[in-house]
Amino acid sequence: MAENKVVLITGTRKGIGRALAEHYAGSGYHVVGCSRSPFEGRLANYRHCCLDVGDESAVKGMFSEIRKQEGRLDVLINNAGVASMNHSLLTPIATVNKIMETNFTGTFLFCREAARLMQLHRYGRIVNFATVAVPLKLEGEAVYAASKAAVISLTQILAREFADFGVTVNVIGPTPIKTDLIRGVSPDKLEALIQRQAIKRYGEVRDVTHVIDFFVQPASDFVTGQVIFLGGV
């Protein structure tokens, strides 16, 4: 039962993150979300924090507040991410650092702090985000794909390190979904990517929530260290 369970979702201001916040708040969870900017509008069962996921002191401060106000954390969904589609020769180091800080360092910090809180109740579910750009080895996405490949490796090791705490750690790898993340990508490139999928269509938020629902349910206590790529990639 979702009643009284607490889920933390990163990157909830818009796109998939906001849809996940609405999904789990509507399912009876107490939802804590975060992003660099304020959350627009109101959502029942939802509390928002403004921070950069790569800022260790801010992340630790947020988890301290969750411990004080909620007393527990049952689910962490590391949705926050940034991308920069560009040829490696045209990619400045500032872009590399920002992508790694958000996608990898942020994921690591949230996993570490979540596990510290989850182990108090010997229960937890962590879901990290990768991308089909990793197995497809997409040109123009070297740094983005590398950051997500690092997340996959991190997840598979954390799954072993956290197993004794009753905490599972898994990965979902979405295909292109019509959000701001792919707004700057040419339609031709997106169509070529979709044609490499077994199921040739854009992903939808419901595809993502379905897999995450599977990962986070209590009955999935024997599923950890796994990666599910959508679309038959």
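The values are calculated or read from the model by the stated rules, or taken from the named source; none is laboratory data. The structure presented is a predicted model; accordingly, all values stated were derived computationally and were not measured. Methodologically, a virtual Cβ is constructed for each residue, glycine included, from the backbone with ideal geometry; neighbour enumeration extends over all protein chains shown.
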Which pairs do you get when a residue that is farther than 18 Å from Cys111 by Cβ, found in region 218-233, comes within reach of a residue that is exposed (fewer than 12 other Cβ atoms within 10 Å of the Cβ) and hydrophobic (A, V, I, L, M, F, W, C), reach meaning Cβ atoms under 8 angstrom, with the pair 6+ apart or on two chains?
-> Gly231/Ala198; Gly232/Ala198; Val233/Ala198
Would you tally the residues in region 166-216 being small (Gly, Ala, Ser) and part of a helix (DSSP H, G or I)?
-> 1
Of the residues in region 160-198, those that are closer than 26 Å to Asn86 by Cα and hydrophobic (A, V, I, L, M, F, W, C) number 11
Report yes if Glu113 is surrounded by fewer than 17 Cβ atoms within 10 Å (Cβ to Cβ) and acidic (Asp, Glu), otherwise no.
-> no
Look at Val96 and say whether it is under 20 Å from the mean Cα position of the chain (by Cα), at pLDDT 95 or above and closer than 30 Å to Pro218 by Cβ.
-> no
Just to be sure, is Ser84 without any contact (Cβ under 8 Å) to a residue 60 or more places away in the chain and of a type in the set (Ser, Thr, Tyr)?
-> no
When residues of region 1-13 are limited to those that are of a type outside the set (Val, Ile, Thr) and at pLDDT 95 or above, the one surrounded by the fewest Cβ atoms within 10 Å (Cβ to Cβ) = Arg13
Any residue at all in region 155-162 that is modelled with pLDDT of 95 or more, farther than 14 Å from Val227 by Cβ and hydrophobic (A, V, I, L, M, F, W, C)?
-> yes
Please go through region 168-195 and pick out each residue that is out of contact with any Ser or Thr (no Cβ under 8 Å at 6 or more places or on another chain) and closer than 23 Å to Phe104 by Cβ.
-> Ile172, Thr175, Pro176, Ile177, Thr179, Asp180, Leu181, Ile182, Arg183, Gly184, Val185
With (1) surrounded by 13 or more Cβ atoms within 10 Å (Cβ to Cβ); (2) out of contact with any Pro (no Cβ under 8 Å at 6 or more places or on another chain); (3) over 24 Å from His121 (Cβ atoms); (4) of a type in the set (Val, Ile, Thr) as the list, and Val132 as the residue in question, which single condition is left unmet?
-> (2)
Which fully enclosed strands (runs of 3 or more DSSP E) of region 1-95 have 1 or more residues being more than 22 Å from Thr105 (Cβ to Cβ)?
-> 6-10, 30-35, 46-50
Do we have Pro176 as surrounded by fewer than 16 Cβ atoms within 10 Å (Cβ to Cβ) and farther than 15 Å from Thr10 by Cβ here?
-> no
